[in-house]
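Visitor: Okay, here's the structure, questions in a sec.
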Amino acid sequence: MTGASEMSALEALRISREVSKAVREAVSGIVGRREAGENVGMGKDGTPTKKVDRVAEDAALEVLKGYDVSVVTEESGVVGRGNIVVALDPVDGTFNAARGIPIYSVSMCFAERRGKQAKYKDAFFGYVCNLATGDEYYADSTAYKNGEIIEVSRTKSVKETNAIMYYPERNYGFKRVRIFGAASLEICFVADGSVDCFIDIRPGKGNGMLRVYDVTAGLYVAEKAGAVVTTPEGKSVEEKSFTMEERFRLVVANDKLHRALLDVLKS
């Protein structure tokens, strides 16, 4: 594995697995129980913190404090001062975890700060692990699922497309549409070809709903598996910053399907 100068991708994988193990053990006793979904405070992102989120983040940060990194995370905001920046979502898919639905993950994207803020273009490693099943997706210059190389589907036709989309405003002509409620894993489903595309057109306050810790790890894995990643307008996300304020609207698919999807969204 190759990596950035201050940390190798191999070290990032080792750290990610250490965090994943700690989080999985920490939440195992409350997943699927009523207490998992109880509000225990307000996160730095301005949304209520559920107990499962707090337990998971505490476990993740306990591991990460042993490394010279800066962490951008949902509940605590920015923690640490290291030049390696980690976009961390300890539990992506909080509702699923609280209800015992086995689609929730820990998500970590590593980037090397080259200016005032780390940007997506500075990322060198992405890691997503389904905490319910143990399936792990990760990428350096190549994308893997459980150690096996993965690649996106080769679907070209919109009418044959199995799509994940937040939220369809009309009939776009897809073969089927699914929503699973965990963006990091859903984007990885594109990476391994389980589905053909991930689309999020929600406007939020104008820039979208998805945060840097929600999606950058999955996006990195998907790109290394052959996906094209842009906004619904076809703009690059390379300059997106690893900050609490950043938001994403996305189209993720193989190159030929991606072009067709942009045309469909415009029509």
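The values are calculated or read from the model by the stated rules, or taken from the named source; none is laboratory data. For clarity, every value in this text was computed on a predicted model and none was experimentally measured. We place every Cβ from the backbone using ideal geometry, glycine too, and count neighbours over all the protein chains shown. Calculation scope for accessible area: heavy atoms of the full protein, side chains included, ligands and nucleic acids excluded. Shrake-Rupley method; radii C 1.70, N 1.55, O 1.52, S 1.80 Å.
Visitor: Just to be sure I follow: if Rg is taken over the C-alpha atoms of segment 40-178 and Rh is the Kirkwood radius over the same atoms, what is Rg/Rh?
Guide: Result: Rg/Rh = 1.02.
Visitor: Work the Kirkwood hydrodynamic radius out for segment 5-46: mean of 1/r over every pair of different alpha-carbon atoms, inverted, in Å.
Guide: Working: mean 1/r = 0.0773 Å⁻¹.
Value: 12.9 Å, from the Cα pair sum.
Visitor: Further question: Per Stokes-Einstein, at 10 °C and 1.306 mPa s, what whole-number D in µm² s⁻¹ belongs to the chain, with the Kirkwood radius over Cα pairs as the hydrodynamic radius? Mind showing how you got there, number by number?
Guide: Details: Rh = 18.2 Å.
The estimated diffusion coefficient comes to 87 µm²/s.
Visitor: Which of the aspartates and glutamates could be linked to residue 51 by a straight reach, that is with a Cα gap under 15 Å, when you skip same-chain ones fewer than 8 residues away?
Guide: 25, 35, 38, 74, 75, 89, 92
Visitor: Which residues make up the longest stretch of the chain clear of GluC sites (Glu not before Pro) that lie in a DSSP loop with no more than 11 other Cβ atoms within 10 Å, not counting the sites? Mind dumping the intermediate values first?
Guide: Values: sites that count: 169, 233, 239, 245.
Counting at most 11 other Cβ atoms within 10 Å as exposed, the longest clean stretch of the chain is 1-168.
Visitor: Please name whichever of 181, 219, 161 sits farthest to the positive end of the charge dipole of segment 158-267, dipole taken about the Cα centre and charges placed at Cβ: Lys and Arg +1, Asp and Glu -1.
Guide: 161
Visitor: What length, rounded to one decimal in nm, is gained on full extension from residue 264 through to residue 99, with 0.36 nm per residue of separation minus their alpha-carbon distance? Before the final figure, lay out each step's value.
Guide: Working: separation 165, 0.36 × 165 = 59.40 nm, distance 3.50 nm.
In short, 55.9 nm is gained.
Visitor: Please go through segment 141-243 and write out the trypsin sites (Lys or Arg not before Pro) that DSSP classes as loop and that have at most 13 other C-beta atoms within 10 Å. Spell out each step's value before the answer.
Guide: Numbers: sites: 145, 154, 156, 159, 170, 175, 176, 178, 205, 211, 224, 235, 240; in loops: 154, 156, 170, 175, 205, 211, 235, 240.
Passing sites in segment 141-243 are 154, 170, 175, 205, 235.
Visitor: Something else: When the Kirkwood radius is taken over all Cα pairs of segment 1-77, what Stokes-Einstein diffusion coefficient follows at 20 °C and 1.002 mPa s, in µm²/s?
Guide: 157
Visitor: Taking all protein chains as present, what is the carbon and sulfur share of the accessible area of segment 17-97, in % to the nearest whole number, probe 1.4 Å?
Guide: Working: 1750 of 3660 Å².
Carbon-and-sulfur percentage of accessible area, whole number: 48.
Visitor: Which value, in debye to the nearest 20, describes the size of the charge dipole of segment 1-124 about its Cα centre when Lys and Arg Cβ atoms bear +1, Asp and Glu Cβ atoms bear -1, and nothing else is charged?
Guide: Dipole size: approximately 140 debye.
Visitor: Once you keep just the Cα pairs under 8 angstrom separated by 6 or more residues, what percentage relative contact order results for the chain?
Guide: On the way: 654 pairs, mean separation 44.6, N = 267.
Normalised by residue count, the contact order of the chain is 17 percent.
Visitor: My understanding is that a pair violates if its Cα-Cα distance is over 26 Å; which of 156/224; 21/145; 121/159 do that in this structure? Intermediate results must be reported in sequence, preceding the final value.
Guide: Numbers: 156/224 19 Å; 21/145 17 Å; 121/159 32 Å.
The pairs that break the limit, which is 26 Å between Cα atoms, are 121/159.
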